[in-house]
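Enquirer: Pasting a structure here, questions to come.
No value in this document is a laboratory result; all are computed from the given coordinates. As the structure is a computational prediction, the values presented were derived from the model and not from experiment. Virtual Cβ from ideal backbone geometry, glycine too; neighbours counted across all protein chains shown.
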Amino acid sequence: MPTMYHNFLVFLPLLLVISNADNSIDDNLGIDPSLKLPQVPKADNIVFLPLETEAACLDGSPYAFYFVNGSSDNSKWTITIQGGGWCYNETGCYGRSKGSLGSSTKWSHSVGCGCMYYNPDGSRQNDCNCVHFPYCDGASFSGYREHAYPVSQWPPFDNGSHVPNNATLYMRGIRNLDATLDLLFSKYNLGQAKEMVVTGGSAGGLSTFLHADRIANRLKKQSKDVKVRAAPVVGYFLDHDNEVKGPQNYTAWMKYIYTMQNLTSSDDGGLMPSCVKTFSGDEFKCFMAPHAQAFVETPYFMLNSKYDAWQMNNILQSACAGRDGIVCNATQQRDVLAYGQDFMDQFSPVPIAKGGQNGAFITSCICHGCPWNDLTLQNKTTYQALAEWYKSSEDINENPHVYIDSRTPNGDGTIKSKLCITFP
């Protein structure tokens, strides 16, 4: 269709800018910057997977994970999933394959890992078996293509983009997840876990929504009594128009990833079968948290801003919000406030899902790497709220542990953290 093709070409420069910008995102994106992975390994802790597992990064280099052994026993575990955006087309994925978000060739041989367990006072517990899943597939560990995928198959392929005509990509996200779990069960005693928290920030937060059940089901085959919970951080990205109502928006980009990376609900697919069945004809929606969350069986506590800074820039595509030093005009301010309301509308099913087993802490701070340690709602800090939910979430008949800042951006201007971007 010429019109759609033309629109995609016109929008390509912005797509490439966003995709390339993702390559420099901090590994801990979306997690409180004050919580810099406190469990430090005593030696190199990277574990490369054999290529025969089909686990691979975009460039075909072998996938690897990081493991930090707890000091006490093997019963309490955390899986942390790295964020770093997505690559929205083949050309962008090829560029990504040259950096640490698409290749393992330059990964550090030693990386720390942080337990996602908290005491009632909000202090962090630092003793668990912790597995860090680095991110190198560009699709939140969800795609699978058996064979190398030629970059030049993309219709708007640009020979002037410095991509070789014989360039290929490996789309193996779900194999990276599954093969890592296989090795953790066979060599690292994951089957002895009594507690597991799956967490991740940003694109890793979306991964948490998408794959918590997959991880939980594997664990429950070993022990039906294992307690599995999820804590997605800034992973609730809206299905939403951009500010100018243009055709190339975040929803369109995610739909293209769905096709490009061959996202399915089969054994080698990263989407939940119940979701795909419900959204027959629009299966790509199962790659978006507001649609997928209703099908997540694992209890989860989500941390998010209703004015998420990344979403302001890349979904709403605001010319001002989410950007320090740029003042929004009256129309732009209305768009930002409307987005916050739309966030709450798309969030509204979360507290009542599955009998009220889920919890949430929703701030008004305009942030993506949010100051969770410093935020308070209903006289509780973020991590006090999380700890209380985790302790009581076995009883789904209790009232949901949902903390919502009903104020306008940055608490009506009262939240003064440097991590909250100024508004208007």
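Enquirer: Add +1 for every Lys or Arg and -1 for every Asp or Glu among the other residues with Cβ under 15 Å from the Cβ of F279, and state the total.
Expert: On the way: positive: K255, K277, K285; negative: D239, D282, E283.
After counting each charged neighbour, the total is 0.
Enquirer: Here is a follow-up. Just the number, please: Stokes-Einstein D of the range 134-260 in µm²/s, Kirkwood Rh from C-alpha pairs, 20 °C, 1.002 mPa s.
Expert: Numbers: Rh = 17.0 Å.
In µm²/s, the coefficient rounds to 126.
Enquirer: Also: Please express the Cα-Cα pair-distance distribution P(r) of the range 63-169 as a list of whole percents, one per 5 Å bin, running from 0 to the bin with the greatest distance.
Expert: All Cα pairs considered, the percentages come to 2, 11, 17, 17, 15, 11, 9, 7, 5, 4, 2, 0.
Enquirer: Hey, can you list the DSSP H helices of the chain whose Cα span along the axis is 30 Å or longer and whose average Kyte-Doolittle score is at least 1.6? Provide the component values of the computation, followed by the final result.
Expert: Details: long enough: none.
Span-like helices, by this rule, are absent here.
Enquirer: On a full-extension model of 0.36 nm per residue, what is the gain between N69 and K187, subtracting their alpha-carbon distance, rounded to one decimal in nm? Working shown, then result.
Expert: Numbers: separation 118, 0.36 × 118 = 42.48 nm, distance 1.25 nm.
Here the segment from N69 to K187 would lengthen by 41.2 nm.
Enquirer: If I take the Cα coordinates of the range 39-91 and project them onto the principal axes, what are the three extents in Å, biggest first?
Expert: 46, 26, 20
Enquirer: Using only DSSP helix segments of four residues or longer, with each worth -39500 (n - 2.57), what per-residue ellipticity at 222 nm results for the chain after dividing by its residue count and rounding to 500?
Expert: Working: 11 runs with 124 residues, N = 424.
-9000 deg cm²/dmol, from helical runs alone.
Enquirer: Determine the distance separating the Cα centre of the range 169-221 from the Cα centre of the range 80-146; give it in Å without decimals.
Expert: When both Cα centres are located, 12 Å separates them.
Enquirer: For the chain, with a Gaussian network of springs between Cα atoms less than 10 Å apart, report the residue from A56, A148, A385 with the top mean-square fluctuation.
Expert: The residue with the greatest mean-square fluctuation here is A148.
Enquirer: What's the ranking of 242-251, 170-179, 287-296 by average number of surrounding C-beta atoms within 10 Å, highest first? Don't skip to the answer; put the middle values down first.
Expert: Working: 242-251: 16.2, 170-179: 26.0, 287-296: 21.8.
The most tightly packed comes first, giving 170-179, 287-296, 242-251.
Enquirer: Near T381, within a Cβ-to-Cβ distance under 10 Å, what is the net charge of the other residues, with Lys and Arg +1 and Asp and Glu -1? Write down the numbers at each step before the final one.
Expert: On the way: positive: K380; negative: D121, D374.
Local charge sum for T381: -1.
Enquirer: Sticking with this one: What would the Debye formula give as log10 I(q)/I(0) at q = 0.13, 0.20, 0.21, 0.23 Å⁻¹ for the alpha-carbon point model of the range 276-340, no solvent?
Expert: Taken in order of the listed q values, log10 I(q)/I(0) reads -0.52, -0.85, -0.88, -0.95.
Enquirer: Using the Kirkwood formula on the Cα atoms of the range 241-400, what hydrodynamic radius do you get, in angstrom to one decimal?
Expert: On the way: mean 1/r = 0.0570 Å⁻¹.
Computed over Cα pairs of the range 241-400, the Kirkwood hydrodynamic radius comes out at 17.5 Å.
Enquirer: In addition: Rounded to a whole number, what is D in µm²/s for the range 333-424 from Stokes-Einstein with the Kirkwood radius over alpha-carbon pairs (20 °C, 1.002 mPa s)? Could you put the intermediate results ahead of the total?
Expert: On the way: Rh = 14.1 Å.
Translational D for this selection: 152 µm²/s.
Enquirer: Here is a further query. In the neighborhood of D73, defined by Cβ-to-Cβ distances under 10 Å, what is the net charge if each Lys or Arg adds +1 and each Asp or Glu adds -1?
Expert: Working: positive: K76, K194; negative: D127.
Here the charged neighbours net out to +1.
Enquirer: Ratio of the chain's C-alpha Rg to 2.2 N^0.38 Å, to two decimals?
Expert: Working: Rg = 20.5 Å, N = 424, 2.2 N^0.38 = 21.9 Å.
That ratio works out to 0.94.
Enquirer: Kirkwood Rh, the range 237-298, all Cα pairs: how many Å?
Expert: Working: mean 1/r = 0.0821 Å⁻¹.
With all distinct Cα pairs of the range 237-298 included, I get 12.2 Å.
Enquirer: Same structure again: Sorted by mean Cβ packing within 10 Å, highest first, what order do the peptides 196-209, 338-351, 124-137 take? Walk me through the numbers before you get to the answer.
Expert: On the way: 196-209: 29.1, 338-351: 16.8, 124-137: 23.3.
Ranking, from highest mean packing down: 196-209, 124-137, 338-351.
Enquirer: Okay, next question. Determine, for F141, F48, the number of other Cβ atoms within 10 Å of each Cβ, and report the residues in order from fewest to most.
Expert: Details: F141 31, F48 14.
Ascending number of Cβ neighbours within 10 Å: F48, F141.
Enquirer: With charges set only on the Cβ (+1 for Lys and Arg, -1 for Asp and Glu), what does the dipole of the chain come to about its Cα centre, in debye to the nearest 20? Spell out each step's value before the answer.
Expert: Values: 32 positive and 40 negative charges, 75 e Å.
Dipole about the Cα centre, nearest 20: 360 debye.
Enquirer: Please report Rg over Rh for the range 86-132, where both radii come from the alpha carbon positions and Rh follows the Kirkwood definition.
Expert: On the way: Rg = 16.8 Å, Rh = 13.7 Å.
So for the range 86-132, dividing Rg by the Kirkwood Rh gives 1.23.
Enquirer: Using 23 Å as the Cα-Cα cut-off, could you pick out the over-long pairs in K285/K354; K76/K220; K76/K285; K277/K391?
Expert: Details: K285/K354 20 Å; K76/K220 14 Å; K76/K285 33 Å; K277/K391 33 Å.
Listed pairs above 23 Å: K76/K285; K277/K391.
Enquirer: Continuing with this model, one more query. With a 10 Å radius around each residue's Cβ, average the other Cβ atoms per peptide and rank 274-284, 101-111, highest first. Intermediate results must be reported in sequence, preceding the final value.
Expert: Working: 274-284: 15.3, 101-111: 17.4.
Per-residue mean Cβ counts within 10 Å order the peptides as 101-111, 274-284.
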